[in-house]
1. Of all residues being under 16 Å from the mean Cα position of the chain (by Cα) and not in a strand (DSSP E or B) in segment A:136-167, which is nearest to the other protein chains (Cβ to nearest Cβ)? Just the residue, please.
2. Suppose we keep only residues that are among the charged types (D, E, K, R) and out of contact with any strand residue (DSSP E or B) (no Cβ under 8 Å at 6 or more places or on another chain) within segment A:111-135. Which one would you say is farthest from the other protein chains (Cβ to nearest Cβ)?
3. Being closer than 22 Å to B:G71 by Cβ, in contact with a helix residue (DSSP H, G or I) (Cβ under 7 Å, 6 or more places away or on another chain) and either of a type outside the set (A, V, I, L, M) or modelled with pLDDT of 90 or more (or both) is true for just one of A:L70, A:L86, A:L12. Which residue is that?
4. Being touching a helix residue (DSSP H, G or I) at 6+ places or on another chain (Cβ under 6 Å), modelled with pLDDT of 90 or more and part of a loop (DSSP other than H, G, I, E, B) narrows it down to one of B:V112, B:V94, B:V99, B:V118, so name that one.
5. For segment A:79-117, name all the residues that are surrounded by 19 or more Cβ atoms within 10 Å (Cβ to Cβ), of a type outside the set (G, A, S), without any contact (Cβ under 8 Å) to a residue 60 or more places away in the chain and under 19 Å from A:D34 (Cβ atoms).
6. Of the conditions (1) among the basic types (K, R); (2) under 26 Å from A:I8 (Cα atoms); (3) surrounded by fewer than 12 Cβ atoms within 10 Å (Cβ to Cβ), B:R45 clears all except one; give me its number.
7. State the number of residues belonging to segment A:119-135 that are more than 28 Å from A:D34 (Cβ to Cβ) and assigned to a strand (DSSP E or B).
Amino acid sequence: MRELSLHILDVLQNAREAGSRLVRLTIEEDIAGDRLIIDVSDDGRGMAEEDMKRAADPFFTTRKTRHVGLGLPLFAAAAERCNGGLRIERAPGQGVRIVATFQHGHLDRPPLGDMTRTLLSFLMGEPLCDLVYTHRRNGKIFELDTRLVRQELGEIPLSHPQVREWLGSYISEGEETLTHPGEHSSMIPSGPGRVEHAETQEP
Amino acid sequence: MPKLKSLEDLKKLRDQARQDIRVRLDTGTRITVGMGTCGIAAGARETMHAILEELKKREIEAHVTTVGCIGMCSYEPLVDIEQAGSSRITYGNVKPDRVPRLIEEHLINGRVVQEWVVGRLERESA
């Protein structure tokens, strides 16, 4: 996979298939420290301890349809090529947490790629799974909490064509504010990501 | 098209959307894109994006969703189109450049693009 955002989509889809209701995705780009961290926690059914150890092995899968599972091994290989690695652990409570680290400036590091397409593809999927997305880059931050979006929408689904469009432009504009150094770095005013700070202070 | 940014916009949008939601849910077209590891690696995310763009361009309203691996990995990207009253058709190798013709033939002209079909589920007789 040529973009990290494709690996991220794959991990998000795994979380959905594990029955998660809420996934937290954090991307941390520390350019001065030359680190990129992708951290995904879900609240799905989780994995047995020994399965967690084997999940990065391409010849391990819990699926019955065939004998290989390539998603996590590919992601792990990409991280290892870039002086990083992939860690699979139990998420707080239940579920799985996957943390991939990369040397940010490594020549072999795939670009992050199109996060808007990744998040939209995930959010259009079924069954519904909420997402708390945080992308930090050199002190700037973009956040999206779909629970807040859904609160506003009432019974209108995220997949409604107009909502789809709203989400697409909200995410792409938010992502853009992170990469344009000249522009104001704060979050989009009154957007659905704002409450996230209060949220993370929960015990 | 004005950009929609804030929660205020979302509220306005909700009020608009509420009016036509029932019609859509009852009579809709449903497009499903395979988004397992195999699909993603074969370009399914870009196919999904192309579908959304094409629907927008042609002002077609359809429900677009994703599904995990269904076991036909070598035919990815897989796209499934289901319309009320018609057979459910699964198309294989739907790269983004196939999307405009697929939408035009299947959704607008109502003709199945036979050479891309990899699966078909006949309409259940009620």
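The values are calculated or read from the model by the stated rules, or taken from the named source; none is laboratory data. Predicted model only: the values in this text are computed from it and were never measured. Methodologically, a virtual Cβ is constructed for each residue, glycine included, from the backbone with ideal geometry; neighbour enumeration extends over all protein chains shown.
1. Result: A:L167.
2. So, considering only residues that are among the charged types (D, E, K, R) and out of contact with any strand residue (DSSP E or B) (no Cβ under 8 Å at 6 or more places or on another chain), the one farthest from the other protein chains (Cβ to nearest Cβ) is A:D114.
3. A:L12
4. B:V94
5. Matches in segment A:79-117: A:C82, A:L86.
6. Here B:R45 meets the rest and fails (3).
7. Within segment A:119-135, residues that are more than 28 Å from A:D34 (Cβ to Cβ) and assigned to a strand (DSSP E or B) number 1.
Table: residues versus (1) within 14 Å of another protein chain (Cβ to nearest Cβ); (2) free of Cβ contacts under 8 Å to residues at least 60 places away in the same chain.
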{"position": "A:L6", "(1), (2)": "yes, no"}
{"position": "A:R16", "(1), (2)": "yes, no"}
{"position": "A:G19", "(1), (2)": "yes, yes"}
{"position": "A:R24", "(1), (2)": "no, no"}
{"position": "A:D30", "(1), (2)": "no, no"}
{"position": "A:A55", "(1), (2)": "yes, yes"}
{"position": "A:T61", "(1), (2)": "yes, yes"}
